[in-house]
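The values are calculated or read from the model by the stated rules, or taken from the named source; none is laboratory data. Small disclaimer: the values here were computed from a predicted structure and weren't measured. Note that we place each Cβ from the backbone using ideal geometry, even for glycine, and neighbour counts take in every protein chain shown. Calculation scope for accessible area: heavy atoms of the full protein, side chains included, ligands and nucleic acids excluded. Shrake-Rupley method; radii C 1.70, N 1.55, O 1.52, S 1.80 Å.
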Amino acid sequence: MNTETNAATGTAATRDARRWWDADGGWSTADATGTVLVIDSWLVDEGRVRGLDRHAERFRSSCDRFPEPGPDRTDRFMRAVAESLPARGRWFPRVELVDTGSGTRLRMWLRPAPPRTATVRLWTPTGPDRRRLPAVKGADLDHLAALRADATTAGADEALLVSAEGHVVEGASTSIVWWRGDTLCGPPPGPGLLPGITRSLLGELARTAGLQAVTERATAPDLAGLPVWTLNALHGIRPVTEGLGRFQDTDAEEAERWQSRLAALAVPAGELPDSRGEPMKEVSP
């Protein structure tokens, strides 16, 4: 880890800190002001990350919806982020595209990772899904945070989002999948669904193991007798114990076996490819 990395992330005083990034000046201290437009986050455990290139690509793609900062600048920001990730400890960094009022800026929030939980209870809010841009992580940040708070008040851990037709879509901060025998199932992709990184990795693991991974529309009653999991970068796989599907002790054991396979995908954070798929050799203009 270089001197700039140590200055940005390496001391106790800078833990849980925000840093602006600029192509000319590198990292500088930031605050929490501004309107967050796009975010992404992932787990760093002893310097190892799973799917960092996919998180970077999802962040780039969402940032491209805005006139600034442009793909090249976002590429260089994500490479600077990858180089600055701590090599020790558990972290849950969040990258952000922020509207400051005078323009947009890129920011990293280096946060200690909360403890992993092994299971999850779901709560379904009343009324329609009120997200504006479900496929852009961060666009509905405040609304989803409020839903999770409501879920906690209701004695659950996560809010379940359903379509106007009653189909299971995802959680406020998780993807939702279920098993029909040896077939891994989940909602079909589209503008109402965030592209889940952990879901894509699990699907590839299932296919590698010779199993099918398919998409289907399903209502909560359709899943009444099936094991249901939530997925995200922080917790990995968590079986649903209340609020959707059915839960048995053997479900938890099976989920932990797949969790071990998922954890094995983590690799040391290193150089990221740019949006053209080519390694980025230069950080400065």
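Of note:
- Residue in the stretch 177-189 that is of a type in the set (A, V, I, L, M, F, W, C) and not in a strand (DSSP E or B) present: no
- Subset tally (residues that are β-branched (Val, Ile, Thr) and under 20 Å from residue 50 (Cβ atoms)) for the stretch 216-242: 2
- For the stretch 19-31, a residue qualifies if it is over 12 Å from residue 106 (Cβ atoms) and open to solvent by less than 50 Å² (accessible area, probe 1.4 Å), but none of them does.
- The selection criterion, being open to solvent by 50 Å² or more (accessible area, probe 1.4 Å) and not in a loop (DSSP other than H, G, I, E, B), holds for residue 261.
- Scope the stretch 173-208; condition among the small types (Gly, Ala, Ser) and surrounded by 22 or more Cβ atoms within 10 Å (Cβ to Cβ); matching residues: 175, 186, 196
- Matching residues in the stretch 32-49 - criterion: being assigned to a loop (DSSP other than H, G, I, E, B) and surrounded by fewer than 21 Cβ atoms within 10 Å (Cβ to Cβ): 32, 33, 34, 46, 47
- Residue, most open to solvent (accessible area, probe 1.4 Å), within the stretch 50-68, restricted to residues that are in a helix (DSSP H, G or I) and either of a type in the set (Val, Ile, Thr) or in contact with a strand residue (DSSP E or B) (Cβ under 7 Å, 6 or more places away or on another chain) (or both): 53
- Scan the stretch 18-28 for residues that are of a type outside the set (D, E, K, R), modelled with pLDDT under 95 and assigned to a strand (DSSP E or B) and the total you get is 1.
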